[in-house]
Amino acid sequence: MKKRIASDIDYAREFAVKYPEQAYICRELNALYTLNPDAVPADEIRKRYEARERGDQRKVGIFGYVLFVLFLLLSAAFTGFLIWAYCETT
């Protein structure tokens, strides 16, 4: 984490907004952040972070739906196989 803060100014700004009590780390590790910590408003950084979080949640939700549909398809296939096996053996 410290390497990323030291090398990425955008991450340093995002980290400082997310964890204001830890902002001193960003000032210590990133010289560009130290020169101008308020170059991007905190509200804009929060909006970007929240948009990324919503995107991640959406991906997880879609993955859950896909798994549920696969479960239903496999259940239907297994049930069909059992019906077919019963009909063939009787």
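The values are calculated or read from the model by the stated rules, or taken from the named source; none is laboratory data. Note that the structure is a prediction, hence the values are computed from the model and not measured. Note that each Cβ is placed from the backbone with ideal geometry, even for glycine, and that neighbours are counted across all protein chains shown. The accessibility values were calculated without ligands, DNA or RNA, using every heavy atom of the protein model including side chains. Shrake-Rupley method; radii C 1.70, N 1.55, O 1.52, S 1.80 Å.
Details
- The chain: relative contact order as a whole-number percent, Cα under 8 Å and 6+ apart: 20
- Lys, Arg +1 and Asp, Glu -1 on Cβ, resulting dipole of the chain about Cα centre, debye, nearest 20: 140
- Karplus-derived 3J(HN,Hα), 6.51/-1.76/1.60, for each residue of region 77-90, Hz, glycine and proline x: 5, 5, 4, x, 5, 4, 5, 4, 5, 5, 5, 6, 8, 9
- Top positive-direction residue, dipole computed over the chain with Cβ charges, set ASN30, MET1, GLY64: ASN30
- Rg and Dmax of the chain, Cα atoms only, in Å: 25.2, 83
- Carbon/sulfur fraction of accessible area - the chain, other protein chains in place, 1.4 Å, %: 63
- Estimated at the nearest 10 Å², the accessible area of LEU82 is 90 Å² with a 1.4 Å probe.
- Ranked from largest to smallest solvent-accessible area, with a 1.4 Å probe on the protein heavy atoms, SER75, SER7 come out as SER7, SER75.
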